[in-house]
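Worksheet: the structure to be examined is printed underneath.
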Amino acid sequence: MSQNPPSLRPDLANARLSTPDDRRSGQPTIGMVSLGCPKALVDSERILTRLRAEGYAISPDYTGAEAVIVNTCGFLDSAKAESLDAIGEALVENGKVIVTGCLGAEPDYIREHHPNILAVTGPHQYEQVLDAVHKAVPPSPDPFIDLLPASGVSLTPRHFSYLKISEGCNHKCKFCIIPDMRGLLTSRPHKAVLREAEKLVESGVKELLVISQDTSAFGTDWDREVRRGLTEQPITTLARDLGSLGAWVRLHYVYPYPHVREMIPLMADPASGVLPYLDIPFQHAHPDTLKRMARPAAAERTLDRIAEWRDICPDITLRSTFIVGYPGETEAEFQHLLDWMDEAQLDRVGCFQYENVAGARSNALPDHVADEVKQDRWNRFMEKAQAISEAKLAAKVGQTLEVLVDDIDEDGIATCRTKADAPEIDGNLFIDDGTEGLNVGDLVTVEVDEAGEYDLWAQIKP
C-alpha cells in the first residue's frame with residue numbers, strides 16, 4: 001500500500017497547521033490520520049479545510065485531540081490490515097474515533113474488529129464525516145478569530161499540491177475494487193478545477209500534481225450538451241489551462257488512450273508549463289495476462305505509442321507500475337514482460353507482487369502463483385528496472401537541468417526534484433555544496449555531475 005510519508009502524514013504534519021500555542025480558549029480540536037494514496041490525502045485536506053472553516057483546531061497528536069478521524073485505505077488486504085491497526089492505535093491513544101475512506105465502504109468489517117468506533121463513512125463522503133464530528137465534538141466557531149486561507153488546509157509542503165480532477169473509475173480490471181469503493185467516473189467541472197488551481201498557485205504552489213483514478217478520461221462522462229463544441233479532449237484543454245498558471249503541471253494515472261497523443265506537443269513546449277512526464281499504469285505486457293486482468297491486450301500498440309510520444313517529445317519521462325505473479329502468469333509470460341521492458345526503456349518503474357483483495361474477481365482465477373515464485377519474479381523485474389534507470393541517469397551527467405528544492409537539511413544539503421521526478425515515488429537530485437541562500441520551493445538551475453541507480457547529484461550553475 002502507498003502510505004503518506006512521515007513528513008506528509010496528517011497525524012504527524014498537522015503541527016504546522018495548528019499547535020496548542022495558537023488555539024483560542026475553548027476551541028474544539030480534531031486529530032487526523034491519513035493512509036493510502038494521494039487521492040486520499042486530498043480527501044483529508046478537504047475535510048480539514050471544512051473543519052477549520054467551522055472553527056476547529058487541528059491537533060498534532062492524539063492526546064491534544066477531542067476526537068480522531070482515520071482516513072483509511074482498503075485497496076489490498078495488507079492495506080486493510082494497516083488501516084485496522086491505525087484505528088486500533090487511535091482508539092487506545094484517544095478513545096473517540098471516526099473512520100472514513102475506502103475501507104469505510106465495509107462498515108461491518110470495521111465494526112467486527114473495532115466495535116467502539118463512533119462512526120464509519122465511505123470515501124469522499126465529506127458531509128457524513130462532518131456530521132459525525134459535530135456529534136462527537138460540537139463546533140464552537142468564532143468568526144472574528146477563525147480565519148482560513150483561501151487555498152484551504154494543505155497537508156503537503158507549501159510549494160506543491162495534489163489537484164484531484166475526478167472520482168471513481170469506469171474500468172473493470174479484475175484485480176481492482178476501486179469502482180466498488182469509489183463508484184464510476186465523475187469528473188469535476190473544468191471551471192471548478194481551474195479555480196482551485198488558481199488559488200493554489202496564488203498561495204505559492206510551484207507544482208500541481210494532477211490526480212484521479214483515470215486522469216485521461218477526465219470529462220468523458222460529461223453529457224453531450226457540455227461537450228458540444230469542444231475541439232479537443234477535455235483533459236487536453238484542462239492541461240493547457242493549468243499550464244498557463246505559471247506552475248509545473250504533472251499528470252498522474254494517465255490511461256494510454258489514443259487521445260493522450262494530443263497532450264504530447266504541450267509537453268514538448270517548455271513554455272506550456274505541462275511537464276514532459278506521464279505516469280501510466282501499464283500493469284503487464286503479455287496479451288494473455290492483460291486479458292486475464294481485463295485490461296486492453298495490445299502491448300505491441302503500446303510500444304508504438306511510446307515511440308510516437310518520444311518522437312514528438314524526446315525529453316518525455318515515462319513512469320509506470322506493474323504486477324508480477326498475477327494468477328495464471330507463466331514463466332514465458334513473465335519473460336515476455338522483461339523483454340518488453342528492454343524495448344520500452346521506461347524511466348521510472350514500480351512493481352507489486354499480486355495479492356488477493358476481498359471482493360476482487362481475480363481471486364477466483366485458477367493457477368495462483370506461489371509466493372516464492374512471485375518474490376523471485378519481483379527480484380528479477382526490479383533488477384531489470386534498476387539497470388535501465390541507472391543507465392538513463394548516467395546519460396544525464398553533464399546536463400543542465402532546472403530543479404525544484406524540496407528540503408534543505410541542517411548540513412545544508414538540498415534535496416531537489418527534476419521535471420522527471422514526482423514527490424515520494426521517483427528519485428531525487430541532491431546539491432551538497434553552495435546551497436547558502438537557497439529556500440524550499442526555489443527553482444534553481446544546476447549541472448549534473450554524478451548519477452546513481454535512482455538519484456542524481458549536481459552543482460548550482462553560476
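The values are calculated or read from the model by the stated rules, or taken from the named source; none is laboratory data. What you see is a predicted model; the values in this text were computed from it and never measured. Cβ placement follows ideal geometry from the backbone for every residue including glycine, while neighbour counts extend to all protein chains displayed. Heads up: the accessible areas ignore ligands, DNA and RNA and are worked out on the full protein's heavy atoms, side chains in. Shrake-Rupley method; radii C 1.70, N 1.55, O 1.52, S 1.80 Å.
How large is the Kirkwood hydrodynamic radius of the stretch 383-462, counting all unique pairs of alpha carbons, in Å? Over the stretch 383-462, the inverse of the mean reciprocal pair distance is 12.6 Å.
For K164, give me every one of the aspartates and glutamates with a C-alpha distance below 12 angstrom, ignoring sequence neighbours fewer than eight places off in its own chain. Cross-link targets: D43, E45, E196, D214. Orientation-averaged projection of the stretch 171-328 equals 10.2 nm² [convex hull of Cα atoms, one quarter of hull surface area].
For the chain, the share of accessible area belonging to carbon and sulfur comes to 50 percent (1.4 Å probe, ligands and nucleic acids excluded). Between the alpha-carbon centres of the stretch 348-393 and the stretch 40-96 there is a gap of 31 Å.
Charges were assigned to the Cβ only: +1 to each Lys and Arg, -1 to each Asp and Glu. The resulting dipole of the chain about its Cα centre is roughly 1780 debye.
Once both labels are positioned 7 Å from their Cα atoms along Cα-to-Cβ, the gap between V92 and V440 label points is 3.0 nm.
Summing +1 for each Lys or Arg and -1 for each Asp or Glu among the other residues whose beta-carbon sits under 12 angstrom from that of A422 gives -2. The orientation-averaged projection of the convex hull spanning the C-alpha atoms of the chain amounts to 23.3 square nanometres. Excluding same-chain neighbours fewer than eight residues apart, the lysines reachable from K291 by a Cα-Cα span under 20 Å are K172, K174, K374. Computed as a quarter of the hull surface, the mean projected area of the alpha carbon convex hull for the stretch 231-279 stands at 3.1 nm².
Count the net charge of all other residues whose Cβ sits under 12 Å from the Cβ of K191, scoring Lys and Arg as +1 and Asp and Glu as -1. Local charge sum for K191: -1. Net charge near I312: determine it from the other residues with C-beta under 15 Å of the C-beta of I312, scoring Lys and Arg +1 and Asp and Glu -1. With Lys, Arg at +1 and Asp, Glu at -1, the neighbours total -3. With the convex hull drawn around the C-alpha atoms of the stretch 158-249, the volume per residue stands at 102 Å³.
Against the empirical 2.2 N^0.38 Å (N residues), the stretch 56-126 has a Cα radius of gyration ratio of 1.03. For the peptides 184-194, 36-46, the ranking by packing is 36-46, 184-194, with the highest mean count of neighbouring Cβ atoms within 10 Å listed first. Restricting the calculation to Cα atoms, the stretch 337-395 shows an Rg/Rh of 1.09 when the hydrodynamic-style radius is the Kirkwood one. Here the chain carries DSSP beta bridges of which approximately 35% are antiparallel, counting only pairs with both residues inside.
Placing unit charges on each Cβ (+1 for Lys and Arg, -1 for Asp and Glu) gives the stretch 355-402 a dipole about its Cα centre, and among L401, Q375, A364 the Cα reaching farthest toward its positive end belongs to L401. What is the distance in Å between the Cα centres of the stretch 158-226 and the stretch 320-334? Cα centres, the stretch 158-226 to the stretch 320-334: 29 Å.
Each Lys and Arg adds +1 at its Cβ and each Asp and Glu adds -1 at its Cβ; summed about the Cα centre, the stretch 356-462 shows a dipole of about 860 debye. Applying a 4.7 Å Cβ-Cβ cutoff to the chain leaves C37, C73, C102, C169, C313, C351, C416 as cysteine residues with no disulfide-compatible partner. Given q = 0.17, 0.20 Å⁻¹, what are the Debye log10 I(q)/I(0) values for the stretch 238-363, with equal point scatterers placed on the Cα positions and solvent ignored? At q = 0.17, 0.20 Å⁻¹ the computed log10 ratios are -0.89, -1.11. On a per residue basis, the stretch 331-462 carries 50 Å² of accessible surface, using protein heavy atoms and a 1.4 Å probe. In the chain, helical runs assigned H by DSSP with n ≥ 4 each contribute -39500 (n - 2.57); averaged across all residues and rounded to the nearest 500, the mean residue ellipticity at 222 nm is -10000 deg cm²/dmol.
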